[in-house]
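This is the structure, below, for whatever I ask next.
The values are calculated or read from the model by the stated rules, or taken from the named source; none is laboratory data. Everything numeric in this text was worked out from a predicted model, so none of it was measured. We place every Cβ from the backbone using ideal geometry, glycine too, and count neighbours over all the protein chains shown.
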Amino acid sequence: MSGPRTAARRIACVVGTRPEAIKMAPLIFALKREPVFEVRVVASGQHADMLTQALEYFGIEADVNLGVMESAQTLDHVTSAVLKGVGAFLDSAPQDMLLVHGDTTTTLGAALAAFYRKIPLGHVEAGLRSRDLTRPFPEEANRVLTDRISTLFFAPTRQAAENLRAEGVAEPRVFVTGNTVIDALFWTLGRGDAPLSGGLGLSLSLDKVPPGAPLALLTAHRRESWGAPLTRICGAARRLLEKYPALWFLVPLHKNPAVRETIAGELGGRPRVIFTEPLSYPEFVAAMNRSVFILSDSGGVQEEASALRKPVLILRDLSERPEALSEGTGVLVGTDGDRIEREASRILEDELYRASFAARVSPFGDGHAGERIAKIIRDYFSEER
């Protein structure tokens, strides 16, 4: 005769931005496959439409949507609204563990809500460090503060785990899992539904790019890139277009007016520049795959480009993902226009150098991070009993 059935552990996963949804989706899938868990998805709505778009792509429906986004929202507003909203959810539906991802303002607000209620907190993508609280801003502070109050630390790489140990986090609470974004990337590639044209987000089809023509993908959005740095980035893109008559640029425009207006003003009306609205995730994967190289200040793109074996020029002065630099899958160029132009020219002109990126090994995981994290959480509760 079997013993009494143990009640399922209640796990809440909080997401607020499109990158969070993409990176948490594989973990949500893995947790839902475990009968010992009752999984709830809480969407803060820090990014409204873009978050919904990502969740819908993965077939995930939020159990709770706080809808915190407002026009011209401030960090104060997002932090306090998420803190109060997640706190109210936890009061009405107590959880056995709260999971947050990375370094967004949603992450910090939700982490504080769990901490105030003494609910175990799991931090996915823990341990990343630039060691400068102003770069990226406010992400570096968000992840450092979240790590200070977390219970379980799911580090994507050995270096991230070492960062945590150096800060005094106890060894048994640190786990090297790989990055869940690689799970999401491989899942998307396996579906074969990453279109090169048409669909949500593309205002102009990539069919306009002649077959075989080199395409560069440009994304920039971070606060430290606003203003003069973004102007320098666009200036380098203009010079590259003049220098290489066959080169095209694909530029998904971020929703933030500070970004959108600068890029549109600097590159608008230029031949061989395709502006789009923010791309859906499968479209973005297709765009990365189609590109000869990528220019980006995104953290996730550094990881995805490494897995796709595409050269990525990192538009930042510091990277909390040093593995991309040490493994040679990314090149740190900052916002120095001359350096951007020089490194891009090398990729375009030096065939052997360009091909070398395809031979490099991604340091960010094997596509099974979500499964590992789900097992670690299951074991955590088993040991607790």
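When you go through Ala25, Ala72, Ala113 one by one, which is the residue that is assigned to a helix (DSSP H, G or I) and either surrounded by fewer than 19 Cβ atoms within 10 Å (Cβ to Cβ) or touching a residue at least 60 places away in the same chain (Cβ under 8 Å) (or both)?
Numbers: Ala72 fails: assigned to a helix (DSSP H, G or I); Ala113 fails: either surrounded by fewer than 19 Cβ atoms within 10 Å (Cβ to Cβ) or touching a residue at least 60 places away in the same chain (Cβ under 8 Å) (or both).
Ala25 is the lone residue from the list that is assigned to a helix (DSSP H, G or I) and either surrounded by fewer than 19 Cβ atoms within 10 Å (Cβ to Cβ) or touching a residue at least 60 places away in the same chain (Cβ under 8 Å) (or both).
If we keep just the residues of the stretch 116-153 that are in a loop (DSSP other than H, G, I, E, B), under 19 Å from the mean Cα position of the chain (by Cα) and among the hydrophobic types (A, V, I, L, M, F, W, C), which is surrounded by the most Cβ atoms within 10 Å (Cβ to Cβ)?
Once the filter is applied, the top-ranked residue is Ala126.
Tell me, yes or no, whether the stretch 268-288 has at least one residue that is free of Cβ contacts under 8 Å to residues at least 12 places away in the same chain and within 23 Å of Arg316 (Cβ to Cβ). Steps first, please.
Taking the stretch 268-288 first, the residues free of Cβ contacts under 8 Å to residues at least 12 places away in the same chain are 268-269.
Now narrow it down to the ones that are within 23 Å of Arg316 (Cβ to Cβ): none.
No, the stretch 268-288 contains no residue that is free of Cβ contacts under 8 Å to residues at least 12 places away in the same chain and within 23 Å of Arg316 (Cβ to Cβ).
Are any of the residues in the stretch 296-306 of a type outside the set (Asp, Glu) and more than 19 Å from the chain's Cα centre (by Cα)? Give the steps one after another, and end with the answer.
Pass one, the stretch 296-306, residues of a type outside the set (Asp, Glu): 296, 298-302, 305-306.
Restricting the remaining residues to those that are more than 19 Å from the chain's Cα centre (by Cα) gives none.
Among the residues of the stretch 296-306, not one is of a type outside the set (Asp, Glu) and more than 19 Å from the chain's Cα centre (by Cα), which makes the answer no.
Checking the conditions here, which among Val15, Val82, Val86 is crowded, with 24+ Cβ neighbours inside 10 Å and under 17 Å from the mean Cα position of the chain (by Cα)? Lay out the reasoning, then the answer.
Values: Val82 fails: under 17 Å from the mean Cα position of the chain (by Cα); Val86 fails: under 17 Å from the mean Cα position of the chain (by Cα).
None of the others qualify; the one that does is Val15.
While we're here: Filter the stretch 294-326 down to the residues that are of a type in the set (D, E, K, R) and touching a Leu at 6+ places or on another chain (Cβ under 9 Å) and list them by number. Spell out the reasoning first.
Taking the stretch 294-326 first, the residues of a type in the set (D, E, K, R) are 297, 303-304, 309-310, 316-317, 320-321, 323.
The answer is Asp297, Glu303, Glu304, Lys310, Arg316, Asp317, Glu320, Arg321.
If you don't mind, another one. Could you check Leu98 against (1) loosely packed, with under 14 Cβ neighbours inside 10 Å; (2) not in a helix (DSSP H, G or I) and say which number it fails?
With (1) loosely packed, with under 14 Cβ neighbours inside 10 Å; (2) not in a helix (DSSP H, G or I) applied to Leu98, the lone miss is (1).
Could you say which residue among Val41, Val64 is in the same structural domain as Ile373 (by TED's automatic domain parsing), surrounded by 20 or more Cβ atoms within 10 Å (Cβ to Cβ), more than 20 Å from Asn142 (Cα to Cα) and without any contact (Cβ under 8 Å) to a residue 60 or more places away in the chain? It would help to see each step written out before you state the result.
On the way: Val64 fails: surrounded by 20 or more Cβ atoms within 10 Å (Cβ to Cβ).
One residue alone meets the criteria, Val41.
Among the residues of the stretch 280-323 satisfying the criterion of being in a loop (DSSP other than H, G, I, E, B), of a type in the set (A, V, I, L, M) and surrounded by fewer than 24 Cβ atoms within 10 Å (Cβ to Cβ), which is modelled with the lowest pLDDT? Spell out how you get there, then give the answer.
Going residue by residue through the stretch 280-323, those that are in a loop (DSSP other than H, G, I, E, B) are 280, 291-292, 297-298, 309-311, 315-321.
Now drop any that are not of a type in the set (A, V, I, L, M), which leaves 292, 315, 318.
Then keep just the ones that are surrounded by fewer than 24 Cβ atoms within 10 Å (Cβ to Cβ); that gives 292, 318.
Working: Val292: 95, Leu318: 86.
So, considering only residues that are in a loop (DSSP other than H, G, I, E, B), of a type in the set (A, V, I, L, M) and surrounded by fewer than 24 Cβ atoms within 10 Å (Cβ to Cβ), the one modelled with the lowest pLDDT is Leu318.
Does the stretch 31-52 contain at least one residue that is modelled with pLDDT under 95 and of a type in the set (Val, Ile, Thr)?
yes
Quick check on my filter: what residues within the stretch 237-253 are closer than 14 Å to Gly268 by Cα and either among the hydrophobic types (A, V, I, L, M, F, W, C) or touching a Phe, Trp or Tyr at 6+ places or on another chain (Cβ under 9 Å) (or both)?
Listed by number, the residues that qualify are Ala237, Leu241, Trp248, Phe249, Leu250, Val251, Pro252, Leu253.
Just to verify a result, which residue in the stretch 1-22, among those that are in a helix (DSSP H, G or I) and either of a type in the set (D, E, K, R) or farther than 22 Å from Asn142 by Cα (or both), is modelled with the highest pLDDT?
We begin by selecting, within the stretch 1-22, every residue in a helix (DSSP H, G or I); these are 18-22.
When the remaining residues are screened for being either of a type in the set (D, E, K, R) or farther than 22 Å from Asn142 by Cα (or both), the result is 18, 20.
Numbers: Arg18: 92, Glu20: 96.
So, considering only residues that are in a helix (DSSP H, G or I) and either of a type in the set (D, E, K, R) or farther than 22 Å from Asn142 by Cα (or both), the one modelled with the highest pLDDT is Glu20.
Looking at the structure I just gave you, is Ala236 of a type in the set (A, V, I, L, M), in the same structural domain as Arg342 (by TED's automatic domain parsing), modelled with pLDDT of 90 or more and surrounded by 21 or more Cβ atoms within 10 Å (Cβ to Cβ)?
Details: of a type in the set (A, V, I, L, M): yes; in the same structural domain as Arg342 (by TED's automatic domain parsing): yes; modelled with pLDDT of 90 or more: yes; surrounded by 21 or more Cβ atoms within 10 Å (Cβ to Cβ): yes.
Yes: the conditions hold for Ala236.
OK, next. If you take the residues in the stretch 353-382 that are modelled with pLDDT of 95 or more and of a type in the set (A, V, I, L, M), which one is surrounded by the fewest Cβ atoms within 10 Å (Cβ to Cβ)?
My answer is Ile376.
Further question: Would the stretch 251-266 turn up any residue that is modelled with pLDDT of 95 or more and either assigned to a helix (DSSP H, G or I) or surrounded by fewer than 17 Cβ atoms within 10 Å (Cβ to Cβ) (or both)?
Checked against the condition, which is being modelled with pLDDT of 95 or more and either assigned to a helix (DSSP H, G or I) or surrounded by fewer than 17 Cβ atoms within 10 Å (Cβ to Cβ) (or both), the stretch 251-266 yields no hits at all.
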